[in-house]
Amino acid sequence: MKDNKNLKKLTGTSLVAAAAASLAVVPVASAAATDGYSDVAKGDSHYEAIMALTEKEIVQGFQDGTFGQWKDISRQQVAAILYKAFQLDEPTQEEVENALESYGDVDSSHLYAKQIAAVTKAGIFKGADGSFQPKESITRQQVASVLVLAQDLANYQSIDKEKINLKNVDDSHKKRVQVLADLGVTNQSNDFRPAENISRGAFSTIFYKLSKQVEELEKMYQLDLMHTSDTHAHVDNGAKRVTAAKNFRAEYPEALLLDSGDVFSGTLYFNNFFGQADLKVMNMMGYDAMTFGNHEFDLGQKDGNHQKLADFIQGAEFPIVSSNVDVSKDEILSPLYKSGITSTPADSAIYDGIIKTVDGERVGIFGLTTEETENIASPLDVTFANYVESAQKMVRQFEAKGIDKIVAVTHIGYNDNPDMNDVNLAKAVDGIDVILGGHSHTKMSAPAVVTVDARGQKKSPTIIDHTFQYSTYLGTMNVKFDEYGKIIGHAAELVEIDNQEPDKEALEVLKPYKEEIDAIMEKETGATAVHEFPNPRENVSVRNSETALGNLITDGMLKKAKSVDDSTVLALQNGGGIRTNINEGPITYGEIMEVLPFGNTLALMTLTGAELEQAMEHSVANMPKEFGGFLHMSGMKLTYDSSKEAGDRVVSMELADGTPIKADQTYTVATNAFTAMGGDGYEVFEKAYKDGRVQDLGLSDWENLKEHVVDLGEVDTDIEGRITDINK
């Protein structure tokens, strides 16, 4: 057995090849395979399964010539059958003792010790309450679990699911019972009878039907995929990422590896190496393609050009795909762009889409990048076309070439923006089979399947999957297609990177980068955090709620701004710009730089109270949903009501001393230059910028924060009620 839970199978060949050692509890009736059993007649509901499995020496009868098809099958008998059928490795005496250690009723002297130990070690079987209960009957729901685990089908999902009543099935078995229904192995939709003991005949039928279904699956075309997104320069676990990719490819040699963008920005690795350390990891992993994320364009403001992005692309041993990004007016990126679709993609180039031949089938791959990039990054002369129109164009072009397997690598978010997301894309564009997405940092325990269009009409299935953030997981997927190119089923797993062993070669390659970063990370600023300053992304999030860290950052901004212009009365920081936490204890340079990694500078805006209210309405419009533009603040208090319509939620705005902010009065406001220029959709700030009411002070945000915590010495800032939702 292998560890990955994907579309594995028990083929007819492996059944034939199974070991034929006799089992003491069910010694073989020598003539059973040819003459049959005295208690199993043609026409019996379990006849075909019993005889087929007997012929393959998977099940056996009793010495008296009977099979006992209506007798309950015991847990030890099932363990023995699975041990033989799947040719599990025979455990050593030490492995037997270790595996049976948790069972109080089975030890190494038991007749079935090695079989029980083997299925326990393989993760197929487990006991309950410290016992295995070897002679006890096994229930229908328990059989569903052990067979699905034995076949490594725990993550399998059919597109057209068989309806089954799971109401009385225990929670621990529901998913696996559903797998049997998905595969048509059980048709007892109204009454599965999960707690009922299963007979030897019924077990044989379920086992046989499942094996046949898996054999049928094996005949279908399977596309194997790996994917990552929003890694944000988290290179420290890069050697483990290499291992994860190698492990998957060892089992699926032709698997594609794709990235959904936002490699740039997030840690000191980016601040120091601008994606070059990430490239070492990505090139070793053997990526097939990547799409642009919005953060790939972060340096436009700081550098005034995209040279470092061009350097990254030129060092990539894979192409970039993004069908809605126009780089033609950018003098640095435009030479790297190759128009249209190609079946011979070159490394270090930008394409609308590419064609890869995978296990004899052509697969179309194209990319999409969020149109929000114009507001939330600094793309300069790079522009972004409508994502739906661009996708429709790509699908038409692929289909014109006879390609019926199409993968979209997207950086538009799962469903956070109601106007632009992967769900909308799947509904709007028929013909996309798989969407591997990023941008919203969504963790999907199982992929979503879209089978209806925007009008509610049935469409060909589209699978959507996301892998969370920061190299936490490697997304893996196996997709089954029928002969017409339609998806019929899939399995997916998020492989946890921290559980992998680091690749030794990768460790050596990354060593000089790590040594340089470690030296910076470990240097103490001289300040001490009295408590942890978390950066949450759950229900209470840095993107929808006041946090102590947001207060600390904005306090430092306001203090620095006042030192330049003492008329400054408040400071604002977008939640999406705060990237990690500060631990309790000595505060290091590394922590400060990772909290504010985007190289932003401090800016001053001159705004009216009415414009501030407009900005606050934009800040809380999506609450309680996360919004990267949610504003943390110092020097003011905001009260709002999330039960009201967006645009009418602000209840009151006061300066820190309790003075109401007046609509017709002018205020000097500090923020980062990104926000001041209209980032995150702040049109009111963009207007002020165009009106000449914004002054960029050129002071680094992380250096301002470092200076502030050093001045404090002992840092004890907390949540103070600066932002209040009266609907909570």
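The values are calculated or read from the model by the stated rules, or taken from the named source; none is laboratory data. These numbers come from a predicted model, not from an experiment. Backbone-built Cβ (ideal geometry, glycine too); neighbour counts: all protein chains shown. The protein model used for the area step is the full one, side chains on, heavy atoms only, and it has no ligands, DNA or RNA in it. Shrake-Rupley method; radii C 1.70, N 1.55, O 1.52, S 1.80 Å.
Values computed for the structure shown
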item: Residue within the range 401-414 that is surrounded by 15 or more Cβ atoms within 10 Å (Cβ to Cβ), assigned to a helix (DSSP H, G or I) and without any contact (Cβ under 8 Å) to a residue 60 or more places away in the chain present; result: no
item: Verdict on K338 being over 30 Å from T675 (Cα atoms), surrounded by fewer than 23 Cβ atoms within 10 Å (Cβ to Cβ) and either touching a strand residue (DSSP E or B) at 6+ places or on another chain (Cβ under 7 Å) or of a type outside the set (K, R) (or both); result: yes
item: Given (1) surrounded by fewer than 23 Cβ atoms within 10 Å (Cβ to Cβ); (2) at pLDDT below 95; (3) within 28 Å of V395 (Cα to Cα), number of the condition D303 does not satisfy; result: (3)
item: E371 vs. criteria closer than 21 Å to D404 by Cα, open to solvent by 10 Å² or more (accessible area, probe 1.4 Å), touching a strand residue (DSSP E or B) at 6+ places or on another chain (Cβ under 9 Å) and not polar (S, T, N, Q); result: no
item: Members of the range 251-300 found to be crowded, with 24+ Cβ neighbours inside 10 Å, farther than 23 Å from E594 by Cα and hydroxyl-bearing (S, T, Y), listed by number; result: T291
item: Filtered residues of the range 440-465 (kept if over 21 Å from D404 (Cα atoms) and in contact (Cβ under 8 Å) with a residue 12 or more places away in the chain); result: S440, H441, T442, K443, M444, S445, A446, A454
item: Some residue of the range 157-174 being within 24 Å of K486 (Cβ to Cβ), open to solvent by less than 60 Å² (accessible area, probe 1.4 Å) and free of Cβ contacts under 8 Å to residues at least 60 places away in the same chain; result: yes
item: Residue match in the range 641-648 (condition: touching a strand residue (DSSP E or B) at 6+ places or on another chain (Cβ under 9 Å), touching a residue at least 12 places away in the same chain (Cβ under 8 Å) and buried (at least 22 other Cβ atoms within 10 Å of the Cβ)); result: no
item: Qualifying residue in the range 344-353 (condition: without any contact (Cβ under 8 Å) to a residue 12 or more places away in the chain, out of contact with any Phe, Trp or Tyr (no Cβ under 6 Å at 6 or more places or on another chain) and assigned to a helix (DSSP H, G or I)); result: no
item: Members of the range 103-132 found to be touching a residue at least 24 places away in the same chain (Cβ under 8 Å) and surrounded by fewer than 16 Cβ atoms within 10 Å (Cβ to Cβ), listed by number; result: G104, D105, L111, G123, G130, S131
item: Matching residues in the range 42-97 - criterion: being touching a residue at least 40 places away in the same chain (Cβ under 8 Å), of a type in the set (S, T, N, Q) and open to solvent by 10 Å² or more (accessible area, probe 1.4 Å); result: S45, S74, Q76, Q77, Q87
item: The range 355-383, residues that are of a type in the set (A, V, I, L, M, F, W, C) and within 25 Å of the chain's Cα centre (by Cα); result: I355, V358, V363, I365, F366, L368, I376, A377
item: Helices (runs of 4 or more DSSP H) wholly inside the range 251-342 containing at least 1 residues that are within 23 Å of the chain's Cα centre (by Cα) and of a type in the set (S, T, Y); result: 268-273
item: Hits in the range 57-102 (condition: among the aromatic types (F, W, Y), within 39 Å of the chain's Cα centre (by Cα) and part of a loop (DSSP other than H, G, I, E, B)); result: F86
item: For K135: the one exception among (1) over 26 Å from S445 (Cα atoms); (2) without any contact (Cβ under 8 Å) to a residue 40 or more places away in the chain; result: (2)
item: Given (1) in contact with a Pro (Cβ under 9 Å, 6 or more places away or on another chain); (2) buried (at least 18 other Cβ atoms within 10 Å of the Cβ), index of the condition L558 fails; result: (1)
item: All positions within the range 505-529 that are farther than 16 Å from T588 by Cβ and either in contact with a His (Cβ under 7 Å, 6 or more places away or on another chain) or surrounded by 13 or more Cβ atoms within 10 Å (Cβ to Cβ) (or both); result: A506, L507, V509, L510, Y513
item: Some residue of the range 606-613 being part of a helix (DSSP H, G or I) and in contact with an Asp or Glu (Cβ under 9 Å, 6 or more places away or on another chain); result: yes
item: Residue list for the range 416-448, filter: crowded, with 20+ Cβ neighbours inside 10 Å and either touching a Gly at 6+ places or on another chain (Cβ under 6 Å) or among the acidic types (D, E) (or both); result: N421, D422, D433, G438, H439, S440
item: Residues within the range 661-683 that are part of a helix (DSSP H, G or I) and either open to solvent by 10 Å² or more (accessible area, probe 1.4 Å) or among the aromatic types (F, W, Y) (or both), tallied; result: 4
item: Conditions (1) touching a helix residue (DSSP H, G or I) at 6+ places or on another chain (Cβ under 8 Å); (2) closer than 21 Å to A561 by Cα; (3) not in a helix (DSSP H, G or I); number of the one not met by G628; result: (2)
item: Residue satisfying all of: in the range 191-245; in a helix (DSSP H, G or I) and among the hydroxyl-bearing types (S, T, Y); surrounded by the most Cβ atoms within 10 Å (Cβ to Cβ) among these; result: S204
item: Any hit, the range 241-256, residues being polar (S, T, N, Q) and closer than 18 Å to G367 by Cβ; result: no
item: Residues satisfying the stated conditions in the range 355-368, i.e. in contact (Cβ under 8 Å) with a residue 12 or more places away in the chain and surrounded by fewer than 24 Cβ atoms within 10 Å (Cβ to Cβ); result: I355, K356, T357, V358, D359, E361, R362, V363
item: Failed item, numbered, when L602 is tested on (1) part of a loop (DSSP other than H, G, I, E, B); (2) at pLDDT below 95; result: (1)
item: Residue satisfying all of: in the range 449-479; open to solvent by less than 20 Å² (accessible area, probe 1.4 Å) and among the hydroxyl-bearing types (S, T, Y); farthest from H234 (Cα to Cα) among these; result: T462
item: Unmet requirement for T659, which otherwise passes all of (1) out of contact with any strand residue (DSSP E or B) (no Cβ under 6 Å at 6 or more places or on another chain); (2) closer than 30 Å to P586 by Cβ; result: (2)
item: Every residue from the range 698-728 that is part of a strand (DSSP E or B), at pLDDT 95 or above and under 17 Å from G590 (Cα atoms); result: V715
